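I have placed the structure first, in the form of structure tokens, so that the comments after it can refer back to it.
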Amino acid sequence: MASALAETEPQALPPLLGEMLIQRGLASDDDIQRALDLQQKIGGRLGAILIRIGALSEDALLKALSEQLEMPLLGADQLPQDYRGLSEWLAEAGIQPDWWLDQEVLAWEALDGHVRCIARDPLDSSNAEILERTFTERELEWCLARAHDLEQVLDHLANAQKSTDWSHGNASHLRELAEEAPVIEFVNNLIAQAFDQKASDIHIEPEEFNLRMRFRIDGVLYNRFNLPKERFPAIASRIKLVSGMDIAEHRLPQDGHLDTRVSGNALDIRVSALPGVYGESIVMRLLPKEKQRFVLDSLGLSPDNRDLLAKWAGEPHGIILVTGPTGSGKSTTLYSLLDNINDGQRKIITVEDPVEYRLPGITQIQTQDEIGYSFARALRAILRQDPDVVMVGEIRDGDTAEIAIQASLTGHLVLSTLHTNDAASAFTRLIDMGVEPFLVATPVRAVLAQRLVRRLCDHCATPTQPVADMVEMIESLAPNAAEAPRWRSPVGCEACQGTGFKGRVGIHELIAVGPDIQHLIVTGGSTVELWKQAKRQGSLSLREDGFLKARQGITSVEEVLRVTAS
């Protein structure tokens with residue numbers, strides 16, 4: 001009797017997808033409810049809608065579906081690679097080739113004799129019934145796969161490698177491509193994956209026969225997708241459409257931006273399209289909108305440099321300059337200085353291009369060159385607002401430099417950036433812009449050059465020992481260091497996506513402007529002479545500061561050598 005009852009007892013239902021996602025912190029209650037409301041209006045699967053509205057990445061969804069449906073998740077290397085053999089095998093199955101492409105379903109014979117099946121919609125019962133009738137004597141094993149991996153195999157089956165002349169497509173056709181649901185889903189998932197992997201940029205680069213997509217993570221580009229070239233028109237049109245660009249223009253550079261939500265986070269994306277030989281190179285810069293914590297202690301500054309910067313930032317007037325190439329963290333350093341002095345008793349105004357992060361209690365202005373609202377013009381207007389502190393996003397020309405210096409001489413603290421390779425070059429750069437040497441020497445308090453090096457992943461970094469000469473040289477930089485050296489090297493694990501690094505930290509070169517430096521500036525001292533004097537004052541170069549961080553186990557010696565010049 002007991003066994004009979006056990007046989008008739010209903011099986012437990014699988015957990016609901018929405019509940020699983022909420023329990024794992026992958027989606028919020030609001031995201032699920034919004035997706036359910038949209039599902040009632042337009043239909044479709046809940047997971048696909050969550051990806052479409054930017055609430056979830058495909059990787060996160062597939063991991064939850066794999067558990068919910070008890071289906072294995074296959075990687076690209078587990079899908080068929082012999083496309084000719086696969087095509088012949090599918091033809092022998094007796095189903096028309098167009099059916100596989102139209103339904104976006106794939107089946108193949110696994111090594112164990114089972115027939116593995118994947119589909120864009122794994123819950124479509126009609127597809128399952130057709131395959132069960134087709135392979136009546138074979139055991140079917142349903143699996144999950146990423147949409148772009150499935151599409152790549154189907155594209156090969158459809159001879160998608162043949163070149164297509166799309167560049168002369170009319171705007172209405174390109175708009176139709178951009179509005180197709182699979183394209184919308186792919187672009188949204190691309191952005192979501194980049195955000196989940198903490199990428200700062202997405203690079204979409206058409207080549208002669210294929211389309212390459214790369215993510216810049218911690219300052220280094222990594223290949224993520226290689227797609228058939230024929231996918232480019234639809235993807236490019238979708239990105240250009242949502243970012244306010246002309247989808248029919250392929251010959252001129254364009255800039256655009258879009259606001260979206262990814263994994264429950266608001267995101268501002270700056271888009272640039274640049275015509276190339278094989279099509280437009282598209283770069284998307286991802287800027288999270290949520291309030292960032294800008295703290296001096298988190299920048300990687302040595303205690304002495306941090307205290308000096310904090311002291312100068314508390315002065316009533318003067319100029320503090322931060323130098324380095326694009327993407328070296330200059331804005332983050334300036335924001336941290338502003339946050340450190342923003343006590344509510346000072347009027348702080350910034351002028352930027354663009355305004356990357358919103359800071360509470362600070363008036364932020366964005367330049368608009370297309371209407372003549374430049375840094376210089378904005379700075380003149382700002383000085384009529386009775387500010388105490390002014391941050392200029394970048395000193396680009398002599399006019400901006402002159403106004404910034406005059407502002408510092410009339411009782412304002414000015415923070416700004418310059419594009420120079422090292423700290424000593426900042427002085428000669430200002431003079432080259434047309435500023436008189438004595439006007440450079442008088443107001444500038446300090447120049448900070450910086451770069452970003454990758455942090456070693458704490459999960460997999462392994463102890464190492466550099467060559468003896470290197471160790472001896474680095475130890476000479478810290479003769480009084482109390483802590484023992486902690487040399488480490490990268491390995492690579494799942495936590496760091498196999499790179500061996502996770503996150504970045506700054507390395508710095510600080511020159512304090514005292515009487516000796518001022519004398520060299522006024523008398524036309526060279527960059528080399530300025531740096532020699534800074535060394536006598538105790539300044540460390542970027543590379544030397546990086547070596548000390550390698551000694552502490554924060555980064556590796558090889559990473560410092562990669563980022564810095566000798």
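The values are calculated or read from the model by the stated rules, or taken from the named source; none is laboratory data. Please read all numbers here as calculations on a predicted model, not as lab measurements. Glycine also receives a Cβ, built like all others from the backbone with ideal geometry; neighbour counts cover every protein chain displayed. Just the protein is used for accessible areas: all its heavy atoms, side chains included, with ligands, DNA and RNA removed. Shrake-Rupley method; radii C 1.70, N 1.55, O 1.52, S 1.80 Å.
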**OP:** Net charge near P354: determine it from the other residues with C-beta under 15 Å of the C-beta of P354, scoring Lys and Arg +1 and Asp and Glu -1.
**Re:** -4
**OP:** Kindly state, to the nearest 0.05, the FRET efficiency for E472 paired with A266, given R0 = 30 Å and r defined as their beta-carbon distance.
**Re:** 0.05
Subject >> Among S302, V220, T134 - extreme Cα towards positive end, dipole of the chain, charges at beta-carbon >> reply: S302
Original post:
Under the Kirkwood approximation applied to all pairs of distinct alpha-carbon atoms, what is the hydrodynamic radius of the stretch 261-373 in Å?
Top reply: 16.6 Å
Original post:
Computed from these coordinates, which is Kirkwood radius over Cα pairs in Å: (i) 26.2; (ii) 28.4; (iii) 27.5?
Top reply: (iii)
Subject >> Part-to-part distance (alpha-carbon centres) for the stretch 423-445 and the stretch 355-409, which is given in Å >> reply: 19 Å
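Using R₀ = 51 Å, calculate the FRET efficiency as 1/(1 + (r/R₀)^6) where r is the Cβ-Cβ separation of A158 and T462; round to 0.05. All intermediate terms of the calculation are to be shown ahead of the outcome.
Working: r = 46 Å, r/R0 = 0.91.
FRET efficiency, A158 to T462: 0.65.
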**OP:** Using only Cα atoms, find the angle between the long axis of helix 527-536 and the longest principal axis of the chain, and express it within 0 to 90 degrees, rounded to the nearest 10.
**Re:** 80 degrees
Subject >> Mean Cβ count within 10 Å, highest first, over the residues of peptides 207-214, 87-94 >> reply: 207-214, 87-94
**OP:** Have a look at the DSSP beta bridges in the stretch 243-400 and tell me what percent are antiparallel, nearest 5.
**Re:** 70 percent
Original post:
If you add up the charges near F501, with Lys and Arg at +1 and Asp and Glu at -1, over every other residue whose beta carbon is less than 9 angstrom from its beta carbon, what do you get?
Top reply: +2
Original post:
Ranked from the most accessible area to the least, with a 1.4 Å probe and all protein chains present, what is the order of R455, R536, R116?
Top reply: R536, R455, R116
Subject >> Cys residues of the chain counted as unpaired, since no other Cys beta-carbon is under 4.7 Å >> reply: C117, C143
Original post:
Rounded to the nearest whole Å², what accessible area per residue is found for the chain with the 1.4 Å probe?
Top reply: 49 Å²
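State the extension gain, in nm to one decimal, for the chain segment bounded by D121 and F438, taking 0.36 nm per residue of separation less the distance between their alpha-carbons. Could you put the intermediate results ahead of the total?
Details: separation 317, 0.36 × 317 = 114.12 nm, distance 7.07 nm.
Stretched fully, the D121-F438 segment lengthens by 107.0 nm.
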**OP:** Just subtract the alpha-carbon distance of A93 and L287 from 0.36 nm times their residue separation and send over the number in nm, one decimal.
**Re:** 64.9 nm
**OP:** Return the calculated 222 nm mean residue ellipticity for the chain, to the nearest 500 deg cm²/dmol, obtained by summing -39500 (n - 2.57) across DSSP H runs with n ≥ 4 and dividing by the residue count.
**Re:** -11500 deg cm²/dmol
**OP:** Can you check how the C-alpha radius of gyration of the stretch 81-238 compares to 2.2 N^0.38 Å, as a plain ratio?
**Re:** 1.16
Original post:
Of the listed peptides 298-308, 322-332, what is their order by residue-averaged count of other C-beta atoms within 10 Å, with the highest listed first?
Top reply: 322-332, 298-308
**OP:** Calculate the spin-label point distance for E180 paired with D30, positioning each point 7 Å from the Cα along the beta-carbon direction, and give it in nanometres.
**Re:** 3.4 nm
Subject >> Cα-based reach from K347 at 19 Å (exclusive), listing lysines while leaving out same-chain residues under 8 positions away >> reply: K311
Original post:
Got a sec? Which residues in the stretch 87-123 would a label at E139 touch, if it sits 7 Å along Cα→Cβ and we count backbone N under 19 Å?
Top reply: 107-118
Original post:
So how far apart, in nm, are the two label points at H114 and L38 if each is 7 Å from Cα heading toward Cβ?
Top reply: 3.4 nm
Subject >> Relative packing of 227-239, 487-499, 471-483, 248-260, which averages over residues the other C-beta atoms within 10 Å, highest first >> reply: 227-239, 487-499, 248-260, 471-483
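Work out the FRET efficiency for R251 and Q368 from their Cβ-Cβ distance, taking R0 = 30 Å, and round it to the nearest 0.05.
Calculated transfer efficiency: 0.75.
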Subject >> All lysines inside 30 Å of K41 as judged from Cα atoms, apart from same-chain residues fewer than 8 positions distant >> reply: K63, K240, K289
**OP:** Give, as a single signed number, the net charge of other residues whose beta carbon lies under 12 Å from the beta carbon of I202, with Lys and Arg counted +1 and Asp and Glu -1.
**Re:** +4
